Structure formats: C-alpha cells, structure tokens
1. Please count how many residues of the stretch B:81-90 are aliphatic (A, V, I, L, M) and in a loop (DSSP other than H, G, I, E, B).
2. Among (1) surrounded by 15 or more Cβ atoms within 10 Å (Cβ to Cβ); (2) modelled with pLDDT under 95, which single condition is A:Leu220 missing?
3. Are there any pairs, at least 6 apart or on different chains, whose C-beta atoms fall under 7 Å, with the first in the stretch B:54-67 and farther than 12 Å from B:Lys5 by Cα and the second part of a loop (DSSP other than H, G, I, E, B), and if so, which?
4. With the structure loaded, tell me whether B:Ser110 is more than 19 Å from A:Asp106 (Cα to Cα), surrounded by fewer than 20 Cβ atoms within 10 Å (Cβ to Cβ), touching an Asp or Glu at 6+ places or on another chain (Cβ under 7 Å) and not assigned by TED's automatic domain parsing to the domain that holds B:Leu169 or whether it fails that test.
5. Could you please let me know if B:Val125 is modelled with pLDDT of 95 or more, under 22 Å from the mean Cα position of the chain (by Cα) and within 29 Å of B:Asp170 (Cα to Cα)?
6. Residues of the stretch A:32-57 being under 24 Å from the mean Cα position of the chain (by Cα) and among the aliphatic types (A, V, I, L, M), which ones?
7. Would you kindly identify the helices (runs of 4 or more DSSP H) lying entirely within the stretch B:91-168 that contain at least 2 residues that are of a type in the set (Gly, Ala, Ser) and within 14 Å of chain A (Cβ to nearest Cβ)?
8. List every residue pair whose Cβ atoms sit under 7 Å apart, with the two residues 6 or more apart in sequence or on different chains, where the first one lies in the stretch A:1-12 and is more than 10 Å from chain B (Cβ to nearest Cβ) and among the hydrophobic types (A, V, I, L, M, F, W, C) and the second, anywhere, is assigned to a loop (DSSP other than H, G, I, E, B) and surrounded by 12 or more Cβ atoms within 10 Å (Cβ to Cβ).
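The values are calculated or read from the model by the stated rules, or taken from the named source; none is laboratory data. What you are looking at is a predicted structure, and each value in this text was computed from that prediction instead of being measured. All Cβ positions, even for glycine, are placed from backbone atoms using ideal geometry, and neighbour counts span all protein chains on display.
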Amino acid sequence: MLRRVFARPERTKIYIRQLFREIDSLGVNSVWIVIIISIFIGGIMTIQFAYSMSNPIYPRTLIGLGTRDTLILEFSSTMLALIMAGKIGSNITSEIGTMRVTEQIDSLEIMGVNSAGYLILPKIVAVVFIFPFLFIISVFFGLLGGMVTGPLAGVISIPDYIAGIQWLFYPYYVTFSLIKSLFFGFIVASVPAYYGYYVQGGALEVGTASTKAVVNTNILILLFDLILTRLLLT
Amino acid sequence: MIEVKHITKSFDEVKVLNDISTRFEPGITNLIIGRSGSGKTVLLKSILGLYDIDQGEIWYNDRNLVELNEKERKKIRREIGMVFQGGALFDSFSVAANVRFPLDMFTTMSAKEKQKRVEFCLDHVEIQHTAHKLFPSEISGGMKKRVAIARAISLNPKYLFCDEPNSGLDPETATVIDKLIQNLTKEFHMTTIINTHDMNSVIEIGESVLFIAKGEVGWQGTHKEILHSGNNKLNDFIFANKLYAQLREEGDKPEQKQNT
C-alpha cells in the first residue's frame with residue numbers, strides 16, 4: 001500500500017488543497033483537546049510530585065523539574081500520541097472505511113485516480129507535520145497547568161516552580177521528543193489508514209476496523225517509544 | 001464498442017464466469033440481467049478491469065484491456081463514466097464539487113470553463129441550481145443517482161457503466177433515471193452497459209439484453225424479443241420479476257408477500 005501512497009500525484013495542486021483540509025480537520029481541530037488535557041495533566045503531575053517529595057531534604061525546585069522532564073520526555077510525545085491515536089486514528093479509519101464500503105474508493109479508481117495516494121498521503125503528511133506543533137503546545141500548556149495548580153493547591157510557589165522548570169534543562173530532550181513525535185505522527189496516520197482502506201463489509205466492519213486500528217496503533221507507538229528511547233537516549 | 005471474448009473468471013476454484021462472449025454497441029442501452037449471484041456484477045467489474053480475468057479478451061474498440069499495463073488502463077478509465085448502485089458520491093463535497101472533481105483532476109480547464117461544464121452536466125440531469133451547494137446527505141436517493149450520472153458524464157466519456165442504477169428508487173423515479181440514461185447514451189453516442197435485475201428497466205430501455213445464468217450467457221436479444229424467448233431460465237427470471245413488480249404496484253402489503 002505504501003508504494004501506492006507515495007506514488008507521484010496525478011495533480012499536485014489538488015493534493016496540496018487536500019493537505020490543507022487535513023491539517024485543519026486532523027490537526028487544528030485537535031488543538032483544543034491537547035490544551036485541555038495538557039493543562040490538567042501538568043497540574044496533576046505537579047501535585048503528585050509535590051506529594052512524593054514532601055520530605056524537606058528535597059528542594060522544592062525538583063517539583064518543577066520533574067513536571068517539565070515528564071512532560072517533555074514522555075507525556076507530550078508518547079501519551080499524547082496514544083490519545084491522538086484514539087481521536088485522529090479512529091477518525092481516519094472510519095472516514096476511509098466508510099468510503100470503501102460505500103464504493104467511493106472504487107469510484108476514484110474507475111476515474112483513474114490513485115485512491116491510496118489521494119486519500120492517504122495528505123493525511124500522513126498533515127499528521128506528521130502537525131504532531132511536533134501539538135507536542136510544543138502540550139509542553140507549554142502542561143507547564144502552565146502546573147504553574148497555576150501548584151500555588152492554588154499550596155504545594156509550591158510560582159518562583160520555586162519557575163526556578164525548577166529552568167533547572168538542569170537539556171535541550172536535547174526536546175530534540176529527542178520532536179523526533180519521536182515525527183515517528184508517532186506517521187504511525188497514527190498510516191496504521192488507521194491501512195485498516196480503513198482494506199475494510200470489507202458494512203458499518204459493523206468499519207467499527208471493528210476502527211477499534212483494531214486504534215489498538216494496533218497504540219501497541220506500535222509503545223514499541224517505537226521503546227526502540228527510539230534505547231537508540232537516542234542511552 | 002466493447003467486445004468480450006471467451007471470458008472466464010474463478011474465485012477459489014469456483015467458476016463464476018464461464019466462456020462469456022458478447023458485444024456492446026455504442027448509442028444503445030446494453031443491459032446485463034440475471035439473478036443475484038449469477039455473475040453479472042463480476043462480469044461488469046471484469047470489463048472495468050477491477051477484476052483480473054483468468055482467460056479471454058476485453059476489447060475497448062481496438063484496445064485489449066487484458067494486454068494493457070496499469071498506465072494504459074488508467075487512460076482507458078478516463079474514458080469511462082460509472083454510476084454506482086448507491087451513487088458513491090463523495091460525502092465531503094457538495095453536489096457541484098462532486099461533478100467538478102474529475103474536471104479538477106484530469107483537465108486543464110479554467111475555473112469558468114469548469115463551472116460551465118458542471119452546470120451543463122447538472123442541467124442535463126435536471127438538477128436545479130439551488131441544489132448545487134447541497135451535500136449528498138442533504139439530497140434524496142433519486143437526486144443522488146442524477147448527480148452520480150452528471151459526474152459520470154462530466155469528462156465526456158466514451159463508455160458509461162451503471163450498476164443497478166435504479167435500485168432503491170420508487171418505480172416512477174426509476175423509470176425517469178432509466179430514460180435519462182437512455183437519452184444521454186443516444187445524445188453522446190456512448191457505449192452504455194447497465195447491470196440490473198429490474199424487469200421494468202428491461203422493458204423500458206433494453207435495446208440489447210444479455211441474460212446471465214450461472215456464469216454463462218443464458219440468452220441475448222432485445223426487449224421486444226424477451227417475452228417470446230422460449231428460454232426456461234429466462235422465463236423463470238421474468239416471472240419472478242413480474243411477480244415482484246405486481247406486488248410493488250399493489251403497495252406495501254407484507255401479509256400478501258408472505259402468502260405468496
């Protein structure tokens with residue numbers, strides 16, 4: 001399938017138009033959910049770090065450091081990819097799957113359009129393009145969530161929190177997570193697209209394919225998380 | 001003209017098409033009829049090149065589809081218009097955008113020329129201007145079929161394929177769609193192949209009828225000859241359809257259907 005997906009487009013202009021549509025529907029429409037989830041998770045992590053570091057021998061700044069590193073290294077890349085697999089992945093499978101069972105894909109093929117390329121390539125490019133931005137947004141709002149929640153819960157002051165998130169900062173962590181997000185973006189778009197494209201039957205099968213796609217996307221994300229962490233971080 | 005010669009097609013050693021040969025002429029409506037599971041859809045998809053046949057030849061005028069590579073097949077496909085059973089309109093596009101899609105994809109027309117062509121095609125299938133901006137989910141089944149026909153003729157095809165074009169439509173709308181396809185076939189001198197099991201369509205527009213029974217050519221003729229064919233299998237098929245048509249004329253009476 002991938003060979004057909006990356007085949008030369010019939011009309012580049014139409015693919016680009018389709019790409020902008022996908023960036024809007026898959027990416028821009030996901031920004032709000034990313035912001036909300038990140039604010040809450042950032043806040044929750046700050047309180048949990050404060051709880052586990054309640055011993056006075058630990059400096060308060062560790063709370064900010066722990067929140068920052070967890071967000072950058074794991075939450076905003078991997079956990080967010082898992083969440084997006086549910087949102088974007090099921091959307092891709094059900095959209096392409098419905099097109100398959102209602103003969104819209106056959107219709108494209110008979111017109112002489114490379115249906116795999118036309119339907120899947122813009123989605124893959126859009127998700128790979130948007131994922132690093134979602135990662136950055138998630139880190140920013142996660143840290144913001146911690147900064148608001150920490151003082152409100154009375155576990156840390158804003159100056160201590162800010163000092164913590166600036167302490168022992170390794171920019172490579174961001175590079176590492178940006179690389180991960182590119183891989184995860186590809187997985188989140190391509191695996192569900194595959195399941196949708198090859199679905200057979202009716203609405204029931206589209207639903208089953210959607211579930212399978214999300215489960216397998218999640219497994220692949222975790223597998224690649226392990227491989228990339230081993231390759232890039234140790 | 002489309003001519004098929006000695007087509008054979010099997011799925012998992014089950015022969016679905018067996019030595020089928022026939023010719024579909026341009027300018028007339030060519031119907032393929034048969035019971036469900038007789039092989040008529042497989043025949044249609046084989047002619048379209050969606051299924052690779054085991055043996056035989058499929059000629060689009062002077063080009064044998066079987067011997068062509070994917071690139072050359074794509075060229076032929078651009079000369080084909082197809083109307084699917086459910087319409088197969090793109091859900092995310094409006095009525096006008098659906099008809100414009102093949103023009104965007106395969107022509108270098110200006111936006112104005114495309115707009116003119118879209119209006120021409122939609123006018124031909126009698127879709128009002130107010131419906132151009134509606135989405136497929138907002139229009140009726142009959143309108144969907146009309147838009148699908150408009151999209152199919154947008155690139156001025158030489159060949160028009162219709163798979164059960166009036167399934168799910170009331171008898172009156174079904175006749176309108178049948179007549180529309182027939183008129184377009186004559187106007188644009190297309191080679192039109194219609195896959196159907198509706199006897200009303202056969203009687204209305206069956207200028208050439210191919211009856212498929214168990215994957216073989218059961219009978220071939222015109223709608224004028226069909227009632228006097230003397231072919232038992234064909235008569236069984238006609239009788240079943242007449243009965244269905246009679247029930248439909250009487251209205252929706254499930255008790256009567258069960259008794260019969």
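1. To start, the set of residues in the stretch B:81-90 that are aliphatic (A, V, I, L, M) comprises B:82-83, B:88-89.
Still in the list and also in a loop (DSSP other than H, G, I, E, B): B:88-89.
Number of matching residues: 2.
2. Only one criterion is unmet by A:Leu220, namely (2).
3. What qualifies is B:Asn61/B:Met1.
4. When the stated conditions are applied, B:Ser110 does not pass them.
5. Against the criterion (modelled with pLDDT of 95 or more, under 22 Å from the mean Cα position of the chain (by Cα) and within 29 Å of B:Asp170 (Cα to Cα)), B:Val125 does not qualify.
6. A:Ile33, A:Val34, A:Ile35, A:Ile36, A:Ile37, A:Ile39, A:Ile41, A:Ile44, A:Met45
7. Filter on the stretch B:91-168 gives B:141-153.
8. Final answer for the pair search is A:Ala7/A:Asn114.
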